[in-house]
Amino acid sequence: MKALIIVESPAKAKSIQKYAGDDYRVVASIGHICDLAKGGKMGIGIDIEKDFRPRYVIIEDQVKTVKMLAEEAHKADSILLCSDPDREGEAISAHLLSRLKDIGKPMKRITMHEITKKGVKEAIANPRDIDKELVASQEARRILDRLVGFLASPFLMTFFGKNLSAGRVQSVLTRLIVDREKEIDEFKPEEYWVIQANLANVKSETFVAKYDGKPANKETASKIKADLLADTFLVKSIEAAEEKRKAPPPLITAKLQQIMSKSFTISAERTMKAAQSLYERSFITYMRTDSVRANPDAIKDARAWIKEQGYEIPKTANAHKNKDAAQDAHECIRPTDLSVSSDTLDGDEEKVYGVIHKHFVASQMLPVIYNTLKVSIEAQSSKHILKAGGKAIKIKGYLELFDVENGAIDIPNLTKNEAVNLAGKEPVVAEQKFTQPPPRYSEAHLLETLEKKNIGRPSTFADLLAKIGTRNYVERRGNTFYPTELGKTITNELVKAFSFMDINYTALLEDKLDLIATGKLDRTKMLSDFYVPFKLELNKAYASHGAKECPKCGSPMLEREGKAGSFYGCSAYPSCRSTMSIDSNQTVSI
Ligand SMILES: [Zn+2]
């Protein structure tokens, strides 16, 4: 009879059903069916002493879905778990498997980078077991986030106010914005001067040359200006060259978000929503990826498409390499069918698809060739050097697809040792300038920084940015982020207390999660290497604010409300049941 395919979203189910045919029934789990419990030891849903074993419970809103999935599973001959092709999707499939395995039907995992006839056929032809390493990596991330969220947030709430929260990546993101504001506050502008001369060759063709240096005050600048005004000039050297810029790789999640934010002011959140919909409706490949690899067939299509449009193609296909071979299991974001143009869509989807289309095609086009010119001019008696130069497109290459002017090199023909003269009414101009503080982060710049510094996953950036705004740790004015006083206060406290606030440390954890995903690092070892020092830092943080230490386990004692009034209870409850009366400070029961 029928095989059941379980995917994440109803839209994806509908698309797959179309290609899979009547032998399959496709249903949606609507994302995760379970999450870490908010109970158990210390209320964190993780048994720390037992190798950080997570305790999962069905998400309340998903009880109905799970019941429906079980009913469908009973009716089917076999089950294919087809949640999204990434760590999160692998975990969803693992949870579905453990929930449905007692029904006794054969269950396999399949993945689709594109929801097309070809993608569906290939996926069904290649069923596999759940990848335990991918699941371990997802679980480790979830547990790290839970440990920080559930243990560091109460510290903030105890001493700095209700409803505060710390997050492993969220707080580091806030820190970037807080640190930048500090840099701006502490910035001392420095004076410098820019000196420019108008010059002309023997044919009276004029051009501008810049003094090669940045005098720091008016006296020096005036002296140089006077020297130049009294001097004669010779062309000392001319360097004409060509510069080549290779076609950029096709898009990955982080780049797509940056481009949408920069060029269209479409937020990461809106971008991901549009991309998700495009994926589920077969327009593009999976949108959460850090791989620039493209399927050889797709590259062939791109080359054919480029030729059809009348552009030249490189002799051999452009190769774009991933930083890490592990990323090769995935694909870049690209259209599934290049003949589909963005005109068939509207709103954000039209724009997002257009950008994806353009960048994928561009990735297989010729490089841009620029003409560059560097001219050096020497003042004969003062020996001051003036520089002039420019850059212009010679062969447009992949820039044919983008709205770019060719530009021009605004310098007349010159020869070496040719004499040039000052020209115009005001031949030398000296202008006072001041160095500028670094700019506040825009969303595009922040997204770029997160990617560069390897903080968190691009697929979660959109949520994180929204969260620090809602929590009132940062404020968004136009497209610029400012920290709030609250954001500054809690960031300072967290930085003082915890190593997870260190930006390099966050990046290191990201690398470790990658190692778990490829089976090169043990999940429990990684979690324990994180937790042991973190717990010590946490205890120290409480102690530094005057919290008492539990005589039994060293954890901070927190004020609790009981039937007989307030008392101190160990924060490690229920794994430690130590309590103290507030008056005598004596341990009354253990
Ligand atoms: Zn204790």
Listed by chain and number, the aspartates and glutamates with an alpha carbon less than 16 angstrom from that of LYS520, same-chain partners under 8 positions apart left out, are ASP131, GLU133, GLU139, ASP324, GLU510, ASP511, ASP529
In Å, the C-alpha Rg and Dmax of the stretch 200-355 are 24.9, 71
Excluding residues fewer than 8 positions from LYS210 in its own chain, the lysines with Cα under 23 Å of it are LYS218, LYS223, LYS225, LYS236, LYS374, LYS383, LYS387, LYS391, LYS416, LYS425, LYS433
By the Cα gyration tensor axes a ≥ b ≥ c (a/c under 1.5 gives rounded; else a/b larger than b/c gives prolate, otherwise oblate), the shape of the chain is oblate
FRET efficiency (SER237, LYS315; Cβ distance; R0 35 Å; to 0.05) is 0.50
VAL429 and ILE30 label points (each 7 Å along its Cα→Cβ direction) are spaced in nm at 6.5
For the chain, the longest principal axis of the Cα atoms and the Cα long axis of helix 170-186 enclose an angle in degrees, to the nearest 10, of 40
Checked against the positive end of the charge dipole of the chain (+1 on Cβ of Lys and Arg, -1 on Cβ of Asp and Glu, about the Cα centre), the farthest of GLN364, ALA423, ALA152 is ALA152
In order over the stretch 450-458: 3J(HN,Hα) from phi, Karplus 6.51/-1.76/1.60, θ = phi - 60°, whole Hz, x for each Gly or Pro, gives 4, 5, 4, 8, 6, 9, x, 10, x
Under the Karplus relation with 6.51, -1.76 and 1.60 and θ = phi - 60°, whole-Hz ³J(HN,Hα) for the stretch 85-97, x at Gly and Pro, equal x, 8, 5, 4, x, 4, 5, 4, 5, 4, 5, 5, 4
Checking the stretch 147-219 for GluC sites (Glu not before Pro) in a loop per DSSP with at most 14 other beta-carbon atoms within 10 Å yields GLU190, GLU205
So for R0 = 30 Å, FRET eff. of PHE187-TYR505 from the Cβ-Cβ r, to 0.05, ends up at 0.70
Contour minus Cα-Cα span, LEU536 to LYS246, at 0.36 nm per residue, comes to 99.4 nm
Those trypsin sites (Lys or Arg not before Pro) from the stretch 24-60 that are DSSP loop and have at most 14 other Cβ neighbours within 10 Å turn out to be LYS38, LYS50
In whole angstrom, the spacing between the Cα centers of the stretch 131-210 and the stretch 296-320 equals 38
On the formula 1/(1 + (r/R0)^6), with r taken between the Cβ atoms of ARG53 and LYS101 and R0 of 22 Å, the FRET efficiency rounded to 0.05 is 0.75
Given pairs LYS496/LYS540; LYS12/LYS262; LYS307/LYS358; LYS255/LYS307; LYS188/LYS488 and cut-off 18 Å on Cα-Cα distance, the over-length ones are LYS12/LYS262; LYS255/LYS307; LYS188/LYS488
Taking a crude spin-label model, label points 7 Å out from Cα along the C-beta direction, the LEU515 to GLU559 distance in nm is 4.4
If the chain between THR220 and THR480 were fully extended at 0.36 nm per residue, the gain over the current Cα-Cα distance would be 89.8 nm
From DSSP H assignment alone, runs of 4+ in the chain each adding -39500 (n - 2.57), the sum over residues rounded to the nearest 500 puts [θ] at 222 nm at -13000 deg cm²/dmol
Of the listed pairs LYS38/LYS452; LYS273/LYS321; LYS300/LYS396; LYS132/LYS321; LYS14/LYS321; LYS351/LYS467, those with alpha carbons more than 32 Å apart are LYS38/LYS452; LYS14/LYS321
For LYS2, the aspartates and glutamates lying under 16 Å Cα to Cα, once residues fewer than eight places off in the same chain are dropped, come out as ASP22, ASP23, GLU71, GLU72, ASP77
Using alpha-carbon positions, the gyration tensor of the stretch 1-159 gives root eigenvalues a ≥ b ≥ c; with a/c under 1.5 called rounded, otherwise prolate if a/b exceeds b/c, else oblate, the class is prolate
For the chain, the dipole about the Cα centre with charges only on Cβ (Lys and Arg +1, Asp and Glu -1), to the nearest 20 debye, works out at 780
Extend 7 Å from the Cα of PHE402 along its Cα-to-C-beta direction; within the stretch 345-389, residues with backbone N under 16 Å of that point are 354-371
Karplus ³J(HN,Hα) for the stretch 71-76 (6.51 cos²θ - 1.76 cosθ + 1.60, θ = phi - 60°; Hz, whole; x = Gly/Pro) runs 4, 5, 4, 4, 7, 8
Sites removed, the longest contiguous part of the chain containing no DSSP-loop chymotrypsin sites (Phe, Trp or Tyr not before Pro) with at most 12 other Cβ within 10 Å is 188-401
Ordered by number, the trypsin sites (Lys or Arg not before Pro) in the stretch 421-522 that occupy a DSSP loop and have at most 11 other Cβ atoms within 10 Å are LYS425, LYS520
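FYI, it's all coordinate maths here, none of it is from the lab. The shown structure was predicted, so the numbers you read here are calculated from the model rather than taken from an experiment. FYI the Cβ positions are ideal-geometry reconstructions off the backbone, even for glycines, and counts take in every protein chain you see.
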